[in-house]
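Taking it in order: structure first as C-alpha cells, then the write-up.
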Amino acid sequence: SISAWFNVNSINGSEMIVGNYDGSNGFLARLEGNDMFDLWHDTDSIEGGSVTLNKWTHVVYTYDGSNGAIYKNTSQVASGSLPDSTISNDLRIAETYDGRYLDGELDDVRIYDRVLTQDEILTLYNMRSQRQQNMATLINTTVNGKDVTLQNDSFGSWICVQNYEHYGGTNPNV
C-alpha cells in the first residue's frame with residue numbers, strides 16, 4: 001500500500017506520486033492528465049475518482065498481488081484486477097522516469113508491504129486532520145535568504161505556513 005497527501009497546482013500528462021516505472025516496466029501510483037487517480041502495473045491499470053487542484057488531498061493505493069484499489073480521503077474511488085510481477089527498478093517519489101517533477105506539494109508519503117484496512121486508512125487520514133488542528137508555536141526565521149513563518153505541530157514537525165515559494169523546476173534541492 002502507498003499513502004500520501006498531495007496538493008497539486010496542475011496535472012500535465014501524469015503526475016507521479018510513487019512508482020518504479022522505467023519507460024517500459026514497473027508500477028505507477030499517479031495522478032492522470034484527465035484529472036483521475038491511476039494505479040498502473042506493467043500492462044494494466046485501474047483509474048477513477050477526480051483530482052481537485054490546489055487542495056490538500058489524501059490518497060491511498062493498495063495492491064495485494066492480483067487486485068488494486070484507490071482511496072481518496074478514505075472513500076474507495078476505483079478497484080480492479082492487476083497483473084502480478086516482480087520489478088526491481090529504482091523507486092521514485094514525485095518524479096517520473098524521464099525527469100519531470102510533481103507540480104505541487106507531497107507530504108507524509110508512506111509505503112507498506114501489505115494492504116491497509118479501511119480502519120487504517122481512516123486513521124492515516126485523521127492523523128493529518130488532527131495535526132492541522134493542533135498547530136502551535138509560530139516562529140519567524142530566514143530560510144535560503146527568505147523570511148518565512150514556521151509552525152510546530154503536536155507531532156514535532158515544522159511546517160512552513162507563510163512566504164514559502166515552491167520551486168517547480170527540475171532541481172528538487174532548491
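Just so you know, all these numbers are worked out from the coordinates, no wet-lab data involved. All figures in this text were calculated on a predicted structure; none of them were measured in a lab. Every residue, glycine among them, receives a Cβ derived from its backbone with ideal geometry; neighbour counts consider all protein chains shown.
Results, tabulated for the structure shown:
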quantity	calculated
Distance in nm between pseudo-label sites at Asn25 and Asn73 (7 Å out along the Cβ direction from Cα)	3.9
Alpha-carbon Rg with Dmax, taken over the range 7-52, Å	10.2, 29
Inter-part distance where the range 8-42 and the range 102-130 are each reduced to a Cα centre, Å	17
Neighbourhood net charge (11 Å Cβ-Cβ; Lys/Arg +1, Asp/Glu -1) for Tyr97	-2
Inter-label distance for Thr117 and Ile93, nm, one decimal - labels placed 7 Å from Cα along Cα-to-Cβ	2.6
Relative contact order (%) - criterion: Cα under 8 Å, at least six apart; region: the range 1-128	33
Over the range 24-107: Rg over Rh, Cα atoms, Kirkwood Rh	0.94
Per-residue ³J(HN,Hα) for the range 101-111, Karplus 6.51 cos²θ - 1.76 cosθ + 1.60, θ = phi - 60°, Hz, x for Gly and Pro	9, 4, 8, x, 10, 10, 9, 6, 6, 10, 10
